[in-house]
Structure formats: structure tokens, C-alpha cells
1. Hey, can you grab everything whose amide H is under 5 Å from the amide H of Leu30? Only 5+ residues off in sequence or another chain; H modelled, so Pro and N-termini drop out.
2. Express in nm, to one decimal, how much length is gained between Thr21 and Asp71 on full extension, taking 0.36 nm for each residue of separation and deducting their alpha carbon distance.
3. In percent, what relative contact order does the range 1-45 have, based on Cα pairs under 8 Å that are 6 or more apart in sequence?
Amino acid sequence: MSSVTVSTKGQIVLPAEVRRTLGIVGGSRLEVTVIGNEVVLKPVRGDPVQPRDCVSTIPNTAGPLSVERMDELLDQAFVRNAKP
């Protein structure tokens with residue numbers, strides 16, 4: 001069993017092994033339920049993500065981008081293009 005720390009904004013980071021096991025990727029939705037004194041997270045299964053939904057452009061910037069910055073920009077684009 002692993003533990004996570006809740007940020008001051010109420011955010012947590014799921015361990016990579018948990019994400020891999022459950023197929024949770026950036027943009028995945030989780031259902032949050034409270035049962036007694038436990039918080040239960042379950043992946044929301046819907047239509048699979050289509051490759052066309054992941055296509056986006058990253059704004060042209062001066063100089064190279066770090067991997068972290070690329071991930072951040074791609075996450076922002078995914079959220080912008082996500083269908084409700």
C-alpha cells in the first residue's frame with residue numbers, strides 16, 4: 001500500500017504503479033466517493049480517447065522547451081480540447 005500527500009490546493013499525485021495498473025493517464029476522470037471514513041477513487045469509463053482528440057499544437061516559443069514544460073502545455077491543450 002502506498003500513501004500520498006494532499007497539497008494545500010487539495011491535490012494528490014497517484015503513484016505511477018497505480019496509474020499504470022488502472023490505465024489512468026492525463027485527462028482521465030475519476031469518480032470520488034466517501035464511504036464511512038474512506039475516500040474511494042474509481043476511474044470513470046466512457047468512450048475511449050480517440051487519437052484525433054489528443055492532437056494539438058504547442059505555441060511557438062523562443063528557445064527549447066523542457067520536458068516538464070512540454071507536458072504542462074500538452075495537458076493544458078488536452079483539457080481545452082476535452083469533450084464534456
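Bear in mind these aren't lab numbers, they're just calculated from the coordinates by the rules spelled out. Model, not experiment: these values are computed from the prediction.
1. It is Val44, by chain and number.
2. 15.9 nm
3. Once divided by the residue count of the range 1-45, the mean separation gives 24 percent.
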